[in-house]
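Asks: Dropping a structure here in structure tokens format, bear with me for questions.
The values are calculated or read from the model by the stated rules, or taken from the named source; none is laboratory data. Note that the structure is a prediction, hence the values are computed from the model and not measured. When we count neighbours, we look across all protein chains shown, and the Cβ atoms used for this are built from the backbone with ideal geometry, even at glycine. Side chains included, ligands, DNA and RNA excluded: accessible areas come from the protein's heavy atoms. Shrake-Rupley method; radii C 1.70, N 1.55, O 1.52, S 1.80 Å.
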Amino acid sequence: MTIKNPPSLKEYYIIYYDSNYWRDVRCIYGDRAFSTGKKAKYNADVLTYPNIPYVENHWNYFFRFLLKHQKKGQGTLASSLTHFKTYQDYRTGDDSLRYSDRLFFDFDVEDTRAKALKEEIKNAKLHKFGKERISAIRQSQKEFRKLILYDNLLEKPFNELQVMMYYMENQGLKPYPIFSGSKGFHLLFFFEPLQLENISEISLNLTSHLKNKLELDTLDLNVTDSLKRVKRIPYSKHERTMLYTTPFDRDLSYDELLKMIKRNTGEPMLFEKEEYIAPKSFSDSLILLNQDIKRLELEKKEKIEELNKLENANRNHQYYTNNSVKRDSIFSDMRDLCKLLLGEPSHEYKKYNSYKCPFHNDNNPSALVYEKVFVCKACNLKLGYFDFIRKLFNLKSDDEVKQKMREIVQNVQ
């Protein structure tokens, strides 16, 4: 669908999401507090589209859902990066049936003032009621807007966004930049729909590579779970700032961007999606990457099985005796070991946890801890639990490592 004039909101969403596909869409309100008579109880109000009664009227309900909850402006209005081609596929919940049609990168700056305001809003929602609650939230939202619009909080992520866009344009891709509504930016690259079950790993590898190659401090490594991840819907309001999540022209200067954000109209700009679709060669590269990851995962699985067989065969070795380290202890899962030694992770996912890497000055969590291995994409480390202990405590010999592991087990017991 091509529109020569700026589209209406409905026309924009038809282009941006493609009305032929089924996509997870959610409106998530922040934690709410209500009295039980004795003590406060907290819950999250989550509304999800699509729903069974609306199958026949798919797109009209889709748009009404977005419009209704966009007006409230009190929660996170988000959609999945991946989609299903039919409603039947959507209802199965089978992730292998998902299609990818975009890559997503997030630029976000860390700021202590913004973090404090975020906590103020959260506490107001949890512990205040009535007019006092509304007044406290609005005041914090106002301070958040001032921080973004007048304190140059966006300058560094904007400059790094420009570096990324320039680099990707030289690779033959056309970027689609979006102001996140808060303290950063989203960057999208569109391609023809492909079934890429390893899109999250592809996204993580690309993000890590670009972050290191282009030295992008604000490029976030925590948003690479692209298979099920949801991202903010364009032209929806950010609940902490009440600013619209707004796409913008790639050629805008920083001052022009701030003026656009200040206007905060939420009116869609012209968007001809065909201009942003990556060439076939890019799609072919994604397919090859997906196949390579599948092959490596299979090899990794086979290697782990071999290691498990070897460990089982050596269970009687003094390394695993009652006076040493038991295989069924915390050393059977790197995630448990890291919780013990590093504390709670920044984020927990189904297959891995993320941490700020203890081996370098890590502003954003770039270390991923799987069941069998510790990986840091920023400093290119890949450690099993033995080498992890060696490096963490700066130990020299195998005997020192074994003794440290015995001490850890004894402390746990």
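Asks: I'd like the residue in segment 106-161 that is more than 29 Å from residue 221 (Cβ to Cβ) and in contact with a Lys or Arg (Cβ under 9 Å, 6 or more places away or on another chain) and, out of all such residues, is modelled with the lowest pLDDT.
Replies: Ranking the qualifying residues of segment 106-161, first place goes to 126.
Asks: Name the pairs: first residue in segment 125-152 and among the acidic types (Asp, Glu), second residue part of a helix (DSSP H, G or I), Cβ to Cβ under 7 Å, at least 6 apart or on different chains?
Replies: Listed pairs, sorted by first residue: 143/117.
Asks: Something else now. Among the numbered criteria (1) open to solvent by 10 Å² or more (accessible area, probe 1.4 Å); (2) more than 27 Å from residue 252 (Cα to Cα); (3) β-branched (Val, Ile, Thr), which one does residue 121 miss?
Replies: (1)
Asks: Could you check residue 181 against (1) part of a loop (DSSP other than H, G, I, E, B); (2) buried (at least 18 other Cβ atoms within 10 Å of the Cβ); (3) out of contact with any His (no Cβ under 7 Å at 6 or more places or on another chain) and say which number it fails?
Replies: With (1) part of a loop (DSSP other than H, G, I, E, B); (2) buried (at least 18 other Cβ atoms within 10 Å of the Cβ); (3) out of contact with any His (no Cβ under 7 Å at 6 or more places or on another chain) applied to residue 181, the lone miss is (3).
Asks: Can you tell me which residue is farthest from residue 169 (Cα to Cα) among those in segment 229-259 that are aliphatic (A, V, I, L, M) and part of a helix (DSSP H, G or I)?
Replies: 258
Yes/no matrix, rows are residues, columns are (1) in contact (Cβ under 8 Å) with a residue 60 or more places away in the chain; (2) crowded, with 22+ Cβ neighbours inside 10 Å; (3) touching a His at 6+ places or on another chain (Cβ under 9 Å):
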| site | (1), (2), (3) |
| --- | --- |
| 191 | yes, no, no |
| 194 | yes, no, no |
| 214 | no, no, no |
| 217 | yes, no, no |
| 222 | yes, no, yes |
| 229 | yes, no, no |
| 236 | yes, yes, yes |
| 241 | yes, yes, no |
| 253 | no, no, no |
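Asks: Within segment 194-228, restricting attention to residues that are touching a Leu at 6+ places or on another chain (Cβ under 7 Å), assigned to a loop (DSSP other than H, G, I, E, B) and not hydrophobic (A, V, I, L, M, F, W, C), which residue is modelled with the highest pLDDT?
Replies: 226
Asks: Can you report the number of residues in segment 367-385 which are out of contact with any Ser or Thr (no Cβ under 6 Å at 6 or more places or on another chain), open to solvent by 50 Å² or more (accessible area, probe 1.4 Å) and on the phi < 0 side of the Ramachandran plot?
Replies: 4
Asks: While we're here: Pairs please, first residue from segment 78-100 and part of a loop (DSSP other than H, G, I, E, B), second anywhere and open to solvent by 50 Å² or more (accessible area, probe 1.4 Å), Cβ atoms under 7 Å, 6+ apart in sequence or on different chains.
Replies: Going by the 7 Å Cβ cut-off, the qualifying pairs are 81/229.
Asks: Answer with yes or no whether residue 168 is more than 16 Å from residue 217 (Cβ to Cβ), within 22 Å of the chain's Cα centre (by Cα) and open to solvent by less than 80 Å² (accessible area, probe 1.4 Å).
Replies: For residue 168, the condition - more than 16 Å from residue 217 (Cβ to Cβ), within 22 Å of the chain's Cα centre (by Cα) and open to solvent by less than 80 Å² (accessible area, probe 1.4 Å) - is met.
Asks: If you go through segment 388-413, how many residues are within 29 Å of the chain's Cα centre (by Cα) and open to solvent by 60 Å² or more (accessible area, probe 1.4 Å)?
Replies: 1
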